[in-house]
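Take this structure first; my questions come after.
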Amino acid sequence: MAPDSVLDMDRWSTDQVVALAPDASSLTAGRKLSTASSWSGTGVDAGRLVVWGACRGSGKNPYRTAVDLSGPAYKCSCPSRKIPCKHALGLLLLWADGHVAETPAEGFAAEWMDGRAERAEKTAAKVAARASGTDEPSAASTRRTRARRHRVEAGLEDLDLWLTDQVRTGLARFEASGPAPLEETAARMVDAQAPGVATRLRSMTTAGEGWQGRVLEEFALLRLLVSAHRRLETLPTPLAATVRARIGYPTTREEVLAEPAVRDTWYVAALRDSDEENLTTRRVWLCGTSGRIATVVTFSAPGQFPDASLMPGMTIDADLHFHPGTHPDRAMVGTVHAMDRSSGALTTTTLTTLTDPARVVGLAEAFDLHADAVGADPWTTSVPVLLSGAGPVVADTEWFLRDASGHGVPWRTSWDEAAPGTRTLAALAVHGDTPMPMLVDVGAREVRALALLTPNGAIKL
Amino acid sequence: MSDENTMHGGGWAELTTTALLGTGRQPLPPVERWPDRFGASAREVVDRADTGTEDPAALLLDLAALATVYRRAGGPPSRHVGPLAPPPSRTRPAPPTASCRRAADLLRAHGEDEDDGTLDLFHDWMLAVGSLGYRAPDDLLIGIRRLARGPLGRTAANGHRVEDLAATLLDERAAWLDALDPDAPTAPDPSDEEHWTHGTPTQRATWFAALRASDPRRAGEVLAATWRTEKAAHRKKLLPLLGHGLGPTDEPFLERALTDRSEEVRDTAHDLLIQLPGSAHAAAIASVLEPAVSVTAGRKHIRVEIDPSALDGASPLLWKSSQDRWRYRGKDALWAQFHRAARSAPLSWWRKMGVPEDLSTVRLKLTGVRWGGAHSEMLEIWAAAAIREGDGDWARALIDRCLAHPSLWDQLRDVGPLLDEYPPSRPAGALLDVLDHDERLRIAVDAIDRAHGDTAATAWLIEDALDQIPAPWPPSASRAALDHATAVIRPDRDGYARRVLRLLAHRTDIDVEGLAGSVDAELAAMSTTTHQGVEDARATLATRIAIREELS
């Protein structure tokens, strides 16, 4: 390779590749594959920014691997769930060492890049159309929208009757029936294309201390949702968007991306997977240096790998687009300007900013934020807050989150099975009795910790 | 965060009660005393009721919606709680940052991929960090605390107990966390007899074990006092606990337990009493055996003659328990009776009879024994006693005897486990336990010298001897292991070669000037083709050196 080639200037350093590794064992495996003898048909196309190759594996056919260097984005025919997989890492290391020759992309690498370019263009066109208001919906789509609206309306009227019936005859019947009637009604709501309502019904329980109060609260909020939907046209736009989202009207990717971009340096502080109705829901919490917190939610069907583009510990400089609504912490990632995967300079600066005691809120303020959120969106269950000045304490074998004024509220952690135990102790091991910034979900009944932020990174709680 | 909020009390409770019974039966509750703007909105809702057109159930849900939003916005109920006891000041430094990061990486990587050796390296990290007086890094403290609590008895690749490696790193902060942890297992207070007199069987056993640990004599008295009233199930559970802190003062009580109604209790009492070589029970066993054993010293050899038919078959000490019946299924009944008793006889008696430790001079003659394995079972009888009494002279003599005649190992293999820890295929392990590190090294070197490349017969001995010398090895151990690995690195011995290489990699003393370098060079020269065991060993050695460098 000629030393004055464009490629040499753009070629990544080994350190850059190492920073992409999802974990130490992938890196070790990648290093083993970074020898020319493991690969065939390698190439790099400087114009299209793609590296590709075929790696001899244990199977009959070699794995075909390609990396889009502009993302970076990865494509590999291996079954690994790690992103990037060891083949992609091995290929990049090989390239970083200067052992991949420049040649125009062809074959599967070219096809893959063509597909990516095409999809990116389509999305960009839709977003642009939406943002400029030239997005004229077709007659068919208007018809579909109207039909859905009618179905939902009918379904919600049905729900209203059911709710009032329950309260007229008395909630005591659930003691005998258990949650079966809730499940039936939830199924009807799915048919009525109101999946948000169905999920609320399914998450209710008719057992345990104080179930009556909790069921009444949920029924009351569902009736409020029905009433709000009846006057959807007269509601302020953000509230209408909230009501639609709570009922479960779909929000398209283009709609969200058409919302104004919020560019910031975002630290990925926590990730939680939950299985709901045959879907894995992955929630990722991002803390921005502006003080804003975003939740990115993705879904994956059984057998699919959950989205792994945002993993705790990463820092991204990116445009986030927040969902329309009255209290939108839910967001989608737009353009990524820079990415730092392993407590590099970007992450260290971000953590220093995030953990600056002058910027984070105290317990009392956190509840003010929660109250504001409930005021704007009565169906809010919790609000993510970057909290400081409070720490977990144990009193009568129960855990509380206590601030300097001596007020304590019930404290839970997100990853301990029942009572907060090991995770809380892990937090105390790090900060002793000196409060440290942590990301928490402030709810109406308790504060649920998500992650402790330390200068060395986040510790999940 | 308001403590006093009427919606947390009266108003909401009335709404719930009405909803529970149904608006068909109950009138709407009064809302006059609802506070603030919510109260005003609530009164508007109730006014709608007066028109008579609205369903009271719908009105109740609307009232409940108002109340719910009001309650939720108020946040969770708070109470006044005290601060935590301040954590004690810390006396030991945390490891350097780079070292902490490596430890976290090793632990994290292990979580993703089992058995890839990263946990072994984490154990090496704990050894290196602990031996320099550092404490656990704060963010790994809980994980290390968990390792210190068990499962107990696991040995790391470097030869140390995992729980010991972890416990060394725990400092004042770990003790502070223990005090806070509502789920921390707490040892019962041995002075509080309430646990014993009123506890559940498990609580009683736990308390008894604690008492035995702090005051063995008192524990013996406590058990003796209630023994007659304990159920058989409890007697079976409690008696083995006397094994900890066993002493001559326990003898009278154990003698009593020998005549227990439960066979399992009798067996346990027997097993405990023979651990007291000076006990009357041990002496009684010896005297039963005596007619069947005669030792005569010749010019070159000492002749040991065993004649089980000379035993007094009526002696209660020759009773066979069900366990024995299983063990001796299909074997010679007379020999079985002899074997059981002989296995329990103290070494001092064999010595008194004239049997020398130097077994190479012994010639065995077994009279009237049809069971073919009896010869090697005589070795097992002496091995069991040597292990039980921790007698290094006998252990060494037995191992040397087997080294001289490697086929004896194969015979020993058939005779059942000597100790639970070692499978039948590894009888040497328990004998080596009795010896000190120098002795184990000498035996390993000796065995490697005799092996001449073909090591099948003594492989377990070599592996066990090396395995029982924890890191850091004396340089001669690394040399011997290296020589041995070179000899056995063959396709047919691949698994064994890898295990030897693994020991070498984890235990070579990297603080000895130039040693790690020369070991690595020899490893590199060992195999012309890529050998995974060699590669892994070199990588392990390199990581250990990196771990060490991060600490200086």
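Working from Cα positions, state the angle (0 to 90°, nearest 10) between the long axis of helix A:363-376 and the longest principal axis of chain A.
Compared with the principal axis, the helix lies near 80 degrees.
Another question, then. List every residue whose amide H lies under 5 Å from the amide H of A:Ala390, counting only residues 5 or more places away in sequence or on a different chain, with H placed 1.01 Å from N in the peptide plane.
Counting only residues 5 or more places away or on other chains, the set is A:Met436.
Can you compute 3J(HN,Hα) from phi for each residue in the range B:55-61, using the Karplus curve 6.51 cos²θ - 1.76 cosθ + 1.60 with θ = phi - 60°, rounded to whole Hz and x for Gly and Pro?
5, x, 5, 5, 4, 4, 5
Filter A:Lys75/A:Lys460; B:Lys237/B:Lys352; A:Lys32/A:Lys75; A:Lys75/A:Lys122; A:Lys82/A:Lys122 down to the pairs with a C-alpha to C-alpha distance above 26 Å, please.
Working: A:Lys75/A:Lys460 30 Å; B:Lys237/B:Lys352 36 Å; A:Lys32/A:Lys75 19 Å; A:Lys75/A:Lys122 20 Å; A:Lys82/A:Lys122 28 Å.
Table pairs above 26 Å Cα-Cα are A:Lys75/A:Lys460; B:Lys237/B:Lys352; A:Lys82/A:Lys122.
With charges only on Cβ, +1 for K and R and -1 for D and E, what is the dipole size of the range B:164-245 about its Cα centre, in debye, rounded to 20?
The dipole magnitude comes to about 780 debye.
Under the rule a/c < 1.5 gives rounded, and otherwise a/b versus b/c splits prolate from oblate, where does the range A:206-327 land using the Cα gyration tensor?
Oblate, since a/c reaches 1.5 and b/c is not below a/b.
When ligands, DNA and RNA are left out and all protein chains stay put, how many square angstrom of accessible area per residue does chain B have with a 1.4 Å probe?
47
Please list, in order along the range A:33-47, the HN-Hα scalar couplings obtained from phi with the Karplus expression 6.51 cos²θ - 1.76 cosθ + 1.60 (θ = phi - 60°), rounded to whole Hz, x for Gly and Pro.
The phi angles translate into 8, 8, 10, 4, 5, 7, 10, 9, x, 7, x, 9, 10, 5, x Hz.
For chain B, which whole-number percentage of the solvent-accessible area (1.4 Å probe, protein heavy atoms only) is attributable to carbon and sulfur atoms?
52
Could you tell me the center-to-center distance, by alpha carbons, between the range A:66-129 and the range A:195-263 in angstrom?
39
Could you state how much accessible area is buried at the A-B interface, both sides summed, with a 1.4 Å probe, in Å² to the nearest 100?
Rounded to the nearest hundred, the buried surface is 4800 Å².
Expressed as an acute angle from 0 to 90° and rounded to the nearest 10, what is the orientation of the C-alpha long axis of helix A:107-132 relative to the principal long axis of chain A?
Between helix and principal axis, roughly 40 degrees.
Turning to a different aspect of this structure: Tell me, what is the per residue accessible area of the range A:336-461 in Å², probe radius 1.4 Å?
Using a 1.4 Å probe on heavy atoms only, each residue of the range A:336-461 averages 37 Å².
Net charge near A:Arg292, counting Lys/Arg +1 and Asp/Glu -1 over other residues with Cβ under 10 Å of its Cβ?
The answer is -2.
Here's a follow-up. Indicate the gyration tensor shape class of the protein assembly as shown (rounded, prolate or oblate), computed on the Cα atoms with a ≥ b ≥ c the square roots of the eigenvalues: a/c under 1.5 is rounded; otherwise a/b larger than b/c is prolate and the rest oblate.
Note, shape of the protein assembly as shown comes out oblate.
Turning to a different aspect of this structure: Once a ≥ b ≥ c are taken as the square roots of the eigenvalues of the Cα gyration tensor of chain B, is the result rounded (a/c under 1.5), prolate (a/b larger than b/c) or oblate (a/b not larger than b/c)?
Because a/c hits 1.5 or more and a/b fails to exceed b/c, chain B counts as oblate.
Summing +1 for each Lys or Arg and -1 for each Asp or Glu, what net charge is found among the other residues whose Cβ lies under 13 Å from the Cβ of A:Glu233?
That works out to +3.
For chain A, which span is the longest to avoid every loop-located (per DSSP) member of GluC sites (Glu not before Pro) having at most 12 other Cβ atoms inside 10 Å?
By the stated rule (loop sites, at most 12 other Cβ atoms within 10 Å), A:278-416.
Any idea what the relative contact order of the range B:149-222 is, in percent, if you count C-alpha pairs under 8 Å spaced at least 6 apart?
Once divided by the residue count of the range B:149-222, the mean separation gives 17 percent.
Rounded to the nearest 500, what is chain B's calculated 222 nm mean residue ellipticity when only DSSP H runs of at least 4 contribute -39500 (n - 2.57) each, over all residues?
Taking each H run of at least 4 residues, the total per residue is -17500 deg cm²/dmol.
Can you work out the Karplus-derived ³J(HN,Hα) for every residue in the range A:447-457? Use 6.51 cos²θ - 1.76 cosθ + 1.60 with θ = phi - 60°, whole Hz, and x for glycine or proline.
Taking θ as phi minus 60°, the curve returns 10, 10, 6, 10, 7, 9, 9, 10, x, 8, x Hz for the range A:447-457.
Angle between the Cα long axis of helix B:333-344 and the longest principal axis of chain B, 0 to 90 degrees, nearest 10?
The angle comes out at about 70 degrees.
What size of dipole, in debye to the nearest 20, comes out for the range A:371-461 about its Cα centre when the only charges are +1 on Lys and Arg C-beta atoms and -1 on Asp and Glu C-beta atoms?
180
Then there's this: Considering protein heavy atoms only and a 1.4 Å probe radius, which residues within the range A:215-231 exhibit an accessible-area decrease of no less than 30 Å² in the full assembly relative to the chain by itself?
With the partner chains in place, the range A:215-231 has these residues losing at least 30 Å²: A:Leu216, A:Glu217, A:Ala220, A:Leu221, A:Arg223.
Please name which of B:Leu59, B:Ala292, B:His339 has its Cα lying farthest along the dipole of chain B towards the positive end, using unit charges on Cβ (Lys, Arg +1; Asp, Glu -1) and the Cα centre as origin.
About the Cα centre, the residue reaching furthest to the positive side is B:Ala292.
Specify the inter-centroid distance of the range B:361-384 and the range B:200-269, based on alpha-carbon positions, in whole Å.
First find each Cα centre; the distance between them is then 35 Å.
Note down the relative contact order for chain B as a percent, whole number, built from C-alpha pairs under 8 angstrom at least six residues apart.
Reported as a whole number, the value is 9 percent.
Could you check how much of the accessible area of chain A is carbon and sulfur, as a whole percent, using a 1.4 Å probe?
That fraction is 52 percent.
The values are calculated or read from the model by the stated rules, or taken from the named source; none is laboratory data. Since we're looking at a predicted model, the values are computed, not measured. Glycine gets a Cβ as well: all are built from the backbone with ideal geometry, and neighbour counts include every protein chain shown. Surface areas here come from the heavy atoms of the whole protein model, side chains and all, with no ligands, DNA or RNA. Shrake-Rupley method; radii C 1.70, N 1.55, O 1.52, S 1.80 Å.
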